[in-house]
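Participant: My questions all concern the structure below.
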Amino acid sequence: MSATPPVVSNVGFDNTTLVPAGRPMEVSVVGAGYVGLTAAACMAELGHRVRCLEADPRRLATLRAGEVPIVEPGLKELMAAHRASGRLTFTNDVAAAVAGAEVALLCVGTPPRDNGQPDLRQLAAATREVAAAATGDLLLVVKSTVPPGTCEALELLAEPTDPTFRVRVASNPEFLRESQAVWDFFHPDRVVIGVDEPDLGRLVAELYPRNWPTLVCNRRSSELIKYAANSFLAVKISFANEIADLCQALGADSERVLSGVGLDSRIGPAFLSPGPGYGGSCLPKDVSGLVAVAQSVGLPATLARATMQVNEQVRVGLVAKLDATLGGLAGARIGVLGLAFKPGTDDIRHSPAVALVQAMTTAGAVVRVHDPLVAMGTTPGERVEDPYEVAENADALVIATAWPLYASLCPERLKQAMRGRVVMDTVGLVDSDSFAANGLRTYGVGSGQPLVFHPVIWGPLSWTLDEADSMAA
Ligand SMILES: NC(=O)c1ccc[n+]([C@@H]2O[C@H](COP(=O)([O-])OP(=O)(O)OC[C@H]3O[C@@H](n4cnc5c(N)ncnc54)[C@H](O)[C@@H]3O)[C@@H](O)[C@H]2O)c1
C-alpha cells in the first residue's frame, strides 16, 4: 500500500474532518468485543488493513455473516463499508490474523475475580499465541484495561517461534464508552501511549491521525491512567449519591444542589447526578482493580474503598426505601423499567438494575421487567414486551435505566394500570410534578419524602451559640 486510503463511511456524524492515520498499516486485532470490534472497524476507517481474530465460534459466525453481535450506533455501517472495501476481515486462525502484521491490538477481556483482582488469563493466552505466530518484528499493543506492570510481565511471555524476531509490548488503554463507542473512538479526549522506547511510541502513534491529542509516557503510567480515570468517575458518582442522601435527610433539593456544585468549572456536571450507583463492565472492575493494585504495594486506597462501599449502600438504601414505602416487599408486585446498566446498550454486566431486581426478588417481591434492548430470558423477573405491561396491577414502579422511552410514558395510563401509587425513579428521569398531578408519588435517590427530618435550622447555630454562651459564662 502506498497512498493513504480514503475515509469511506458515513457513520451518522460529521467525519468530513477526519484525518486518515499516519500511515496505512497491517493491523491485527485480537478479540471482537466492545473494544476490539470498535477498534477494528474504526482502524479500517482510518485506512489500515485490519484482520480481527475472534475465538468465540458463535461470535465469529455472526461477524462473518455481516451481523454485529453488540449494540453500538454506527458500527454496523462501518463494518459493512470495510468488509466491502476489503480492509476488514474476521478469522479464528491466529496465523492468518498475525502474518505480516506490524502491530497486534490486544482487546480481550480482563474480568474481575471474586477478590477484586483482574483475571489476566485471556490476556496471557492471547499474548503467547500471537507472539508465537509472529512472522517478523511485532508490537503487541494492550488496549485491555490492566494493572500497572502487566505490559512488562506480558513481554516475558511473548516468545516468537523465530528468536530473531523481536516481540515488544506497549500500552494504549481504551477510553470509549459503550453506546457511543464509535463516536468516542473518533473524538478522543486523548490517546495515551505507554512505551519504554521512543520508536515504539512513534509506531503506536502512527495508528492514529496526527492531530489527535496524544500523551506518551512509560508503560506503568499509561496503565495507571486508565485505572485512575475510571476510579475518579466512580468517586464522583458515589459522592453525588452521598450528597443526595444528605439532601434528603436535610430537606434540600438534590437535583439543584448537585447542579449548583457541577456548575463550578473546576468540578463540572458530568457524573454528578444521583442514581442507582455505577455499574457496567468497567467502573466496578477498575475500582476494585485499583484497590487490589494499591494493596499489593501496601497502600490503603481509602477513597476507592469508600467509593465501593457507598455504591453498595445506595442499592441497599433504594430497596429499603421501597420496602418502607410499601410496608414490606414480600408479595408486593413491582414493575421494573430497564435492565441495561445504562441507556443505549444491551450490556447488563454489573448492572445496578439487575442488582435491584435480584434484591427485590430475594425479598419476596413479584417482579415484572421491561427493557427495550436487553434480550429476553437473561435475568430474573418476568419479562414483558411493552413498558405499560409492567405497570399492570403493580404496587410500585421502579425506573432503573434512563432509557428516553421511559421519560415519555403517560402517567395517567400508568396510574390506571397500577394498583399502587409509588414510582421509584432511581435515575431521575421523569417529571415528578406531572406524575404527582396524576396521583403518583415519585421517590428517587435523594428525593421524595425525607425518611427522617431533623429541624436542623437551629442545630448549626446552637453549635456556636452554645460555645459562645459557655465561653461567656
Ligand atoms: N467495554 C467497554 O466499554 C470498555 C471500555 C474501555 C476498556 N475496556 C477494556 O477492554 C477490554 C475488553 O473489553 P470488552 O468489553 O471489549 O470485552 P468483551 O468480553 O466484550 O470482548 C472480549 C472478546 O475477546 C475474545 N477473546 C478472548 N480471548 C481471545 C483470544 N485468545 N483470541 C481471540 N479472541 C479472544 C472473546 O471471545 C470476546 O469476544 C477489557 O480489559 C475492558 O476492561 C472495555
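The values are calculated or read from the model by the stated rules, or taken from the named source; none is laboratory data. This one's a predicted model, so the numbers in the text were calculated from it and none came from an experiment. Neighbour counts are summed over all protein chains in view; Cβ atoms, including those assigned to glycine, are modelled from backbone coordinates with ideal geometry.
Participant: Identify, from the list VAL369, VAL336, the residue that is without any contact (Cβ under 8 Å) to a residue 60 or more places away in the chain and β-branched (Val, Ile, Thr).
Facilitator: Numbers: VAL336 fails: without any contact (Cβ under 8 Å) to a residue 60 or more places away in the chain.
Within the list VAL369, VAL336, the selection yields VAL369.
Participant: Also, quick follow-up: Which of the residues spanning the range 129-141 are assigned to a strand (DSSP E or B) and either more than 16 Å from the ligand (Cβ to nearest atom) or touching a residue at least 40 places away in the same chain (Cβ under 8 Å) (or both)? Working first, answer last.
Facilitator: Let us first name the residues in the range 129-141 that are assigned to a strand (DSSP E or B), namely 138-141.
LEU138, LEU139, VAL141 - these are the residues of the range 129-141 that are assigned to a strand (DSSP E or B) and either more than 16 Å from the ligand (Cβ to nearest atom) or touching a residue at least 40 places away in the same chain (Cβ under 8 Å) (or both).
Participant: Turning to a different aspect of this structure: When you look at GLY66, is it over 30 Å from VAL169 (Cβ atoms) and at pLDDT below 95, yes or no?
Facilitator: Working: over 30 Å from VAL169 (Cβ atoms): yes; at pLDDT below 95: yes.
The answer is yes for GLY66.
Participant: Here are SER254, SER281: which of them is more than 16 Å from the ligand (Cβ to nearest atom), farther than 14 Å from ALA228 by Cα, modelled with pLDDT under 95 and out of contact with any Leu (no Cβ under 8 Å at 6 or more places or on another chain)? Break it down into steps so the answer makes sense when it comes.
Facilitator: On the way: SER281 fails: more than 16 Å from the ligand (Cβ to nearest atom).
On inspection, the qualifying residue turns out to be SER254.
Participant: Taking the condition of being free of Cβ contacts under 8 Å to residues at least 12 places away in the same chain and not acidic (Asp, Glu), how many residues in the range 394-450 meet it?
Facilitator: Here the count works out to 5.
Participant: Report, by residue number, each residue of the range 263-291 that is of a type in the set (S, T, N, Q), more than 10 Å from the chain's Cα centre (by Cα) and assigned to a loop (DSSP other than H, G, I, E, B).
Facilitator: So the first thing to find is which residues in the range 263-291 are of a type in the set (S, T, N, Q), and the list is 265, 273, 281, 288.
The next check asks that each one be more than 10 Å from the chain's Cα centre (by Cα); those that pass are 265, 273, 288.
The answer is SER265, SER273.
Participant: Show the residue pairs meeting these rules: Cβ distance below 9 Å; 6+ apart or different chains; first residue within the range 213-235 and within 14 Å of the ligand (Cβ to nearest atom); second residue part of a helix (DSSP H, G or I) and of a type in the set (Lys, Arg).
Facilitator: Pairs that qualify, where the first residue is within 14 Å of the ligand (Cβ to nearest atom) and the partner is part of a helix (DSSP H, G or I) and of a type in the set (Lys, Arg), are ASN230/LYS285.
Participant: Quick one: what pairs do we get from the range 50-70, first residue basic (Lys, Arg), second in a helix (DSSP H, G or I) and within 10 Å of the ligand (Cβ to nearest atom), C-beta under 6 Å, 6+ apart or different chains?
Facilitator: Pairs found: ARG51/ALA97.
Participant: Within the range 111-128, restricting attention to residues that are in contact (Cβ under 8 Å) with a residue 40 or more places away in the chain and crowded, with 22+ Cβ neighbours inside 10 Å, which residue is nearest to the ligand (Cβ to nearest atom)? Before the answer, list the steps.
Facilitator: From the range 111-128, those in contact (Cβ under 8 Å) with a residue 40 or more places away in the chain are 111-112, 115-118, 122, 126-127; that's our starting set.
Checking the rest, the ones that are also crowded, with 22+ Cβ neighbours inside 10 Å come to 118, 126-127.
Details: PRO118: 8, ALA126: 4, THR127: 9 Å.
Step by step, filter the range 111-128, then rank; the result is ALA126.
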